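The values are calculated or read from the model by the stated rules, or taken from the named source; none is laboratory data. Being a predicted model, the structure only gives us computed values, none of them experimental. So basically every Cβ, Gly included, is an ideal-geometry build from the backbone, and we count neighbours across all protein chains shown. SASA here: full protein model, heavy atoms, side chains in, ligands and nucleic acids out. Shrake-Rupley method; radii C 1.70, N 1.55, O 1.52, S 1.80 Å.
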Amino acid sequence: DSSSVTFKALAETITNCSFDVSGLEQGADQTFRIRAGFNGIFETVGCILDLTTLDTVRSVTVEAVTHSSISLKWSPANGATKYAVAYRPENNPNAEWMEIEVQNPNANLFDLETGQHYSITIFAGNDSMFEETGSQPISAVPLAPVTQLIAEPTDATTIDLSWQASEGASRYIVWKMLLPTFDDGGNPIDDGINHDFELVSDMVTGCRLILQDMKEYALYKFVVYAGHGTCVEHVGESVEMKPTINLNPKTAKELEATIDALIWKDLKVIEEELPGITDIVGKIGPNQYHVGDKVMHLSMQKGNIVVRVGGGFMEFNAWVLRHQSSITRFLASTAQTISTKSGSTVTTMVRGTGGKKIEKGSQRIEDAANQSSTTSQEKSTVVDPKMTKKSRMSRSKSIVSED
């Protein structure tokens with residue numbers, strides 16, 4: 001109601017039909033009265049104009065990006081009935097501004113260059129004008145989706161994720177989901193586990209991530225998105241994989257990891273027959289373990305751990321069975337803490353190494369490890385077919401049984 005408004009004179013006399021008003025509050029309702037006059041006499045009522053000054057656009061965010069588009073959103077500006085979105089490549093300040101006009105506080109920019117950083121400013125407008133300041137410029141970049149996502153199991157609880165670098169990305173966002181299991185009728189089994197996607201990390205700066213402590217042999221789904229700053233592409237790449245033991249290692253490092261995983265898997269089964277055996281097993285070095293005071297040099301054949309025995313190999317389970325009596329005696333002897341003496345050095349071994357890498361161990365283990373590197377003291381169940389009968393007989397005389 002203009003009758004209750006107290007007007008403030010902005011100018012006494014204006015000789016033309018336009019006037020710039022400055023210093024107004026942004027986004028505030030304003031009422032203007034213009035009266036015509038002649039020789040100091042003005043009409044009483046005049047023309048009343050109600051309007052809201054344009055507020056500056058704030059809180060601009062990037063909602064999503066693809067390889068050629070950017071989706072934007074911002075808070076509505078007071079007094080605005082439309083918006084102008086201006087953008088151009090950041091690395092070319094002389095480039096012309098491109099502009100689109102929208103009615104709502106959101107916009108999609110299309111046909112953009114992948115990996116190109118764009119400077120974006122948004123202006124609020126009404127039926128007659130756009131405000132001149134515009135929003136605080138933001139930077140956004142269209143991102144190519146992640147490709148060539150590979151999930152490789154390294155053991156029963158570890159997955160090695162890797163992918164191709166995405167153009168324009170400076171970080172990657174990794175999600176995982178434990179997939180449900182189903183009964184024979186195809187219905188998901190209620191196992192009390194949350195089977196929704198779980199964020200693993202939103203700041204992976206490289207193209208590889210090792211995921212540990214996974215559920216053994218469970219099926220997982222992984223999704224990786226490319227990101228830069230607040231920009232995240234929403235296409236992503238997904239893959240499903242179970243953490244399993246790599247039974248076909250191709251490098252020395254892979255072989256060591258496979259043996260480390262398999263030996264404890266086998267020992268869990270053996271422990272049912274020989275309770276406490278895991279307490280006297282420890283890793284000495286790559287592919288080298290001790291069981292009590294016996295040292296094993298391990299390898300793999302046909303997906304199984306084998307122990308080097310003389311000129312051949314014996315499966316690990318068979319090796320343990322062969323030495324069951326001596327292992328049982330060692331378990332009995334280590335029921336309490338024991339000490340052994342070598343010169344002036346006292347070395348203590350406590351039952352319960354539990355697979356931890358030992359620092360020297362007992363003197364008996366140390367001596368056995370040194371001796372095993374130069375000669376074998378075990379009978380081999382695998383004989384080199386090239387060895388002559390005479391040489392085999394000669395060789396067998398030099399073999400000393402451990403039991």
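For LEU298, the test of being part of a strand (DSSP E or B) and farther than 30 Å from TRP175 by Cβ is passed. The set of residues from region 105-136 being free of Cβ contacts under 8 Å to residues at least 60 places away in the same chain, farther than 22 Å from THR230 by Cβ and not charged (D, E, K, R) comprises just one member, SER128. The number of residues in region 323-335 being touching a residue at least 40 places away in the same chain (Cβ under 8 Å) and in a helix (DSSP H, G or I) comes to 7. Among the residues of region 218-229, none qualifies, meaning not one is modelled with pLDDT of 85 or more, closer than 30 Å to PRO142 by Cα and open to solvent by 80 Å² or more (accessible area, probe 1.4 Å). Within region 302-322, the set of residues being modelled with pLDDT of 90 or more and outside any helix (DSSP H, G or I) comprises ILE305, VAL306, VAL307, ARG308, VAL309, GLY312, PHE313, MET314, GLU315. Reported count of residues in region 86-112, each being assigned to a loop (DSSP other than H, G, I, E, B) and surrounded by 14 or more Cβ atoms within 10 Å (Cβ to Cβ), is 3. Scanning region 156-192 for residues being open to solvent by 60 Å² or more (accessible area, probe 1.4 Å) and in contact with a Pro (Cβ under 8 Å, 6 or more places away or on another chain) gives a total of 5.
For region 182-192, indicate whether the set of residues that are part of a loop (DSSP other than H, G, I, E, B), modelled with pLDDT of 90 or more and either under 24 Å from THR61 (Cα atoms) or not β-branched (Val, Ile, Thr) (or both) is non-empty.
no
Note on region 115-144: among residues that are in a loop (DSSP other than H, G, I, E, B) and open to solvent by 40 Å² or more (accessible area, probe 1.4 Å), the one that is farthest from GLU216 (Cα to Cα) is SER128.
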